[in-house]
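Down below is the structure, laid out as structure tokens.
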Amino acid sequence: MNVFAHVEERIKSALAALQARGELPADLAIGGIDVEPTRDPAHGDVASNVAMVLAKAARAKPREIADKLAAELRSEATFIKVAVAGPGFLNVTLAPSMWQGVVTSILKEGDAYGRSTLGRGEPINVEYVSANPTGPMHVGHCRGAVFGDALANLLAFAGYDVTREYYINDAGAQVDVLARSAYLRYREALGEDIGEIPEGLYPGDYLKPVGQGLAMAFGRSLLGKPEAEWLPDVRQVAIGDMLVQIREDLAALNIRHDVFFSERSLTNGNRDEVAVTIDELRAKGLVYEGRLEKPKGHDVDEWEDREQTLFKATEFGDDVDRALLKSDGSYTYFASDMAYHHNKLARGFKHLINVFGADHSGYIKRMKAAVAALSDGKADLDIKVCQLVRLLRAGEPVKMSKRAGTFVTLREVVDEVGRDPVRFMMLYRKNDATLDFDLAKVIEQSKDNAVFYVQYAHARAQSVFRNVRETFSDLDVMGVEVAAADVSMLTDPSELDLVKRLALFPRLVEGAAAAHEPHRLAFYLNDLAASFHSLWSRGNESPHLRFIQPSDRKVTTARLALMRSCAQVVTSGLGILGVHAPSEMR
């Protein structure tokens, strides 16, 4: 049961009745109606601004429409109070049976509770991580990886057909630097003293196994050859080894992509997709030969004072037109990025999401312009930027990794604190805000540690299920008796408060999915856990509120039904975030 959808349907029915009686215009368009929890429980359970939204089109005052709606809705049996507030807000207080029925619905629907048809099965491409394959994943990559994966889970839960994609940047200058660095380690593996790693090459020890692999595969045959001859082979091996490491690092976070797309594949083979993309844009009149003005105040690598091939990005909201070819005739990074997105569109995706690191925020306008031009405005691209992560231990900055040489690796963090704290806490702040990740605090067993607090709620519920057998040995917590419990016995305010939190889950899922904001779910779970722990504490203080009542089997089964429904929502919510719901805390 979606309580908010129920109220929305009743409001729509009341509006239709008013139209049928001529009290509202018959041609009044009734679109989506906003129904949300009231900010102050004293004002009721749910509120709607429908009267204010319709007032202009209905040529009536909002309050007049609200009064008519309220009069119509007061006949609804599940509404015990309908009031009009302020300029025309509708405030509705629901009968307890509405909330109690949520528990029954959750037990009936199981892990389908909260799932949505919002996406209508439409394909959506979520591209995330997409780090250069030049070394192990670092803690900055970790945030984008977790965010993208949780977002993909959320969209799938909301009814989209999700493809998880990783774009391999294997065609730029950085992979040539990787090859030169690996070649140095190859020489080292053959017994040469290579001394200090020259500036400009990658210094990390992670390349030693790559060098050893090259030595085993090629022996000494690469020595003495000119770079142009050995570089392609070394580059291919090094990229392959790095991708194996990257996949292993991501697997440590339980992240797996459906597609690994190679940038180099755009121009390798029989079809040059970059040239095809440029030709298509040229046919649309969106490519021309011209000069770019020098940006004011600073130099920009892309700017060259020469006649060049440009894309009319400014026609689609970008600040300047964008170069497609460099002075040597090779493609710009932007041209390759356009071709890559052209490929996504050709694969049938009309909904695209890219997860960028903090250093790529300047690419947002140009990529949105590219997709708008390539799709003739028929596809949408949302770009989410994950800001930096400050890694701390007990408040002090963490030193760089010996293995990577310049940063702390994702794997080191996961190995130290575990996957669950990493995933949950990377989502426990909005993606566009800087995140402080304290290795000591995320493993504290306290209510100040959100991941522990939420997981503990689930573990506590499981402990109730185990303990009830000591009192009612024949009571199957997962059986029919609990599923058919008399939920009208759930009358205490703290019980109903917990149910109201559970009722928010379907609405929360749809809102978070529509906004592409999985952090909302982490916040929600923390609030849900707080309601659960509050109810638990009340039972400690007042024995008649304890979940297990030895002298009253019916009350016990009703409260077990509430515990089961809470555990189900916590399990589903944590599952979307990619976090385990434990049966007990260790």
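Observations, loosely collected:
- Test: residue in the range 171-186 that is surrounded by fewer than 22 Cβ atoms within 10 Å (Cβ to Cβ) and charged (D, E, K, R): yes
- Subset of the range 472-493 (residues that are small (Gly, Ala, Ser) and closer than 15 Å to ALA561 by Cα): GLY479, ALA483, ALA484, ALA485, SER488
- Residue in the range 510-527 that is in contact with a strand residue (DSSP E or B) (Cβ under 9 Å, 6 or more places away or on another chain), crowded, with 17+ Cβ neighbours inside 10 Å and not assigned by TED's automatic domain parsing to the domain that holds ASN354 present: yes
- Residues of the range 341-365 classified as farther than 23 Å from ALA514 by Cα and buried (at least 22 other Cβ atoms within 10 Å of the Cβ), total: 1
- GLY121 falls short on exactly one of the conditions (1) at pLDDT below 95; (2) part of a loop (DSSP other than H, G, I, E, B), and that condition is (1).
- Scanning the range 61-117 for residues that are within 30 Å of the chain's Cα centre (by Cα) and under 16 Å from VAL35 (Cβ atoms) turns up TRP99, VAL102, SER116.
- Only residues that are under 30 Å from ALA173 (Cβ atoms) and among the small types (Gly, Ala, Ser) were counted across the range 100-135, and they come to 3.
- Filtered residues of the range 65-97 (kept if assigned to a helix (DSSP H, G or I) and either touching a residue at least 12 places away in the same chain (Cβ under 8 Å) or over 20 Å from ALA20 (Cβ atoms) (or both)): ILE65, ALA66, ASP67, LYS68, LEU69, ALA70, GLU72, LEU73, PRO96, SER97
- Positions within the range 13-36 being outside any loop (DSSP other than H, G, I, E, B) and under 32 Å from the mean Cα position of the chain (by Cα), in sequence order: VAL35, GLU36
- Just one residue in the set VAL579, VAL569 is touching a residue at least 60 places away in the same chain (Cβ under 8 Å) and either more than 22 Å from GLY110 (Cβ to Cβ) or in a helix (DSSP H, G or I) (or both); that residue is VAL569.
- Some residue of the range 183-203 being closer than 23 Å to GLU248 by Cβ and under 33 Å from the mean Cα position of the chain (by Cα): yes
The values are calculated or read from the model by the stated rules, or taken from the named source; none is laboratory data. Please read all numbers here as calculations on a predicted model, not as lab measurements. With ideal geometry, Cβ positions are generated from the backbone for all residues, glycine too; neighbour counts draw on all protein chains shown.
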